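None of the figures in this text is laboratory data; all of them are computed from the coordinates on show. Small disclaimer: the values here were computed from a predicted structure and weren't measured. Cβ coordinates were reconstructed from backbone atoms using ideal geometry, including for glycine residues, and neighbour counts include every protein chain displayed.
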Amino acid sequence: MAHLSPLVRQATPVLAARGEGVYLYDDAGRAYLDFTAGIGVTGTGHCHPHVVEAAQRQVATLIHGQFTTVMHKPLLTLVERLGEVLPPGLDSVFFANSGSEAVEAAMRLARQATGRSNVIVFHGSFHGRTVGAASMTTSGTKFRAGFAPIMGGVTVAPFPYAYRYGWDEATAVRFALRELDYILATISAPRETAAFVIEPVLGEGGYVPAPKAFLEGLRERADAHGIVFVLDEVQTGFGRTGKFWGHQHADIRPDVVVMAKGIASGFPLSAIAASSELMAKAWPGSQGGTYGANAVACAAALATLDVIRDEKLVENSAAMGARLLEGARRIASEHARIGDVRGLGLMVGSEFTRSDGEPDVATAQRAQAAAAERGLLLLLCGTWGQVVRMIPALVVNAKQVDEALAIWAEAVREASA
Ligand code: PMP
């Protein structure tokens, strides 16, 4: 018998047999409240009937059009529909399959368009596991250790992670922008810097929203030096943060938006969007892929956009996110081990800290395991795995949020004992 490679590390002990809405069911029929949503993918919930129907219809019509060989209607319709939700001016879309591929597509676009080689990323970010994307990833050494040599030309600037620095937000922003200016003056000259790439909320790195003043500072510097400002919205897009795009909280204008995860309710699909002018500077045919813009994935994305609009999921994400954040903060106020609770919309993280101020990984792990035993699935994030995150489907209702919070309170109590 063949064995599954030990490379696979599983965060929960669950064997998922079936999914419906915010629940997963194992073979024995046990229900789990799924506050992982396939790492923020199934925004419309597991197997939303409208998405299922659209995908089934497409499977019976055309599975694989291959977009560099023939064009197909689901892709063309999706480009139109994305135009309705993309930030103004980002009117040109290119497709791939995964977040990593889309990050690489954005990085290559920025390099080709500017003729510059360097990229500046921000400490603690996760941009993917392919070589280029892994070179831009600094949420943990496990994504790069043993893979050398990785891609060159990447400089890591500080991210204003105020809580871990032990500073207030304004101080953290001032520090991070000053360090960025220092990097532009000492390591990566503006005329050699193609792009800034940043997540609007540090995802795998610990659910830390990027302060508005910091994103504004990046925008200013991008404008001053002709640097392409890339927002990696792979985890934050499609309503996750309570606005359609995470960067809308800061009201800034990106040059490129990278999207994946929530775009197609679980079908592999990703994309980048930029202005036609910027996209026209890329070299036609230099990017592509056999499976990009798969017809079934595009049909599922169209149905996903319908559900987000018709069920007002962005609004629900904001309302349920506020309820979840408030509840998680209430629980944290009773447990000294949770030092910070933060997030935007349905992206909520509780950071565990020891009494000496260091990350408390052991308690975070115990709390996650205790929650799973009680039927609530959660993931860890943060560089050390010291943050427990909650990312339920955007269809989650108040009763389910309260049920999850009740389990979370018990899990934290058990883990802290
Ligand atoms: N960017 C961000 C912000 C992500 O959260 C992820 C996945 N966690 C990726 C990129 C990589 O996406 P994928 O795993 O689909 O390659």
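Details
- Remark: the ARG330-GLU216 segment gains 37.9 nm on full extension, using 0.36 nm per residue and subtracting the alpha carbon distance.
- Peptides 194-203, 309-318 ordered by average Cβ neighbours within 10 Å, highest first: 194-203, 309-318
- Amide H to amide H, with H built 1.01 Å from N, SER117 comes under 5 Å of ALA194, counting only residues 5 or more places away or on other chains.
- Ranking GLY357, LEU184, THR241 by how far each Cα lies toward the positive end of the dipole of the chain (charges on Cβ) leaves LEU184 at the top.
- Cα Rg, Dmax, the stretch 191-287, angstrom units: 13.8, 40
- Dipole check for the stretch 288-359: with +1 at the C-beta of Lys and Arg, -1 at the C-beta of Asp and Glu, and the Cα centre as origin, the magnitude is about 60 Debye.
- Computed from backbone phi with θ = phi - 60° and the Karplus coefficients 6.51, -1.76 and 1.60, the 3J(HN,Hα) list for the stretch 201-207 is 10, 4, x, 4, x, x, 6 Hz; x is used for glycine and proline.
- Most positive-pole-ward Cα, VAL401, LEU325, PRO160, against dipole of the chain from beta carbon charges: PRO160
- Highest average packing first - 239-252, 49-62, Cβ atoms within 10 Å: 239-252, 49-62
- Spread over its residues, the convex hull of the C-alpha atoms of the stretch 51-310 is 125 Å³ per residue.
- J(HN,Hα) series, the stretch 46-59, from Karplus relation 6.51 cos²θ - 1.76 cosθ + 1.60, nearest Hz, glycine and proline x: 5, 6, 4, x, 5, 5, 4, 5, 5, 5, 4, 4, 5, 4
- Amide H contacts under 5 Å for MET151: SER135, restricted to partners 5 or more places along the chain or on a different chain, H placed in the peptide plane at 1.01 Å from N.
- Computed [θ] at 222 nm, helices only, for the chain once each DSSP H run of length n ≥ 4 contributes -39500 (n - 2.57): -12000 deg cm²/dmol
- For ALA210, distant residues with modelled amide H under 5 Å away: VAL201, LEU202
- Karplus-derived 3J(HN,Hα) values for the stretch 281-296, using 6.51 cos²θ - 1.76 cosθ + 1.60 with θ = phi - 60°, are 7, 6, 8, x, x, 6, 10, x, x, 4, 9, x, 6, 3, 4, 5 Hz; glycine and proline are entered as x.
- All lysines inside 27 Å of LYS312 as judged from Cα atoms, apart from same-chain residues fewer than 8 positions distant: LYS73, LYS212, LYS243, LYS261, LYS399
- Highest mean first, the peptides 71-81, 162-172, 101-111, 207-217 sorted by other C-beta atoms within 10 Å per residue fall in the order 101-111, 207-217, 71-81, 162-172.
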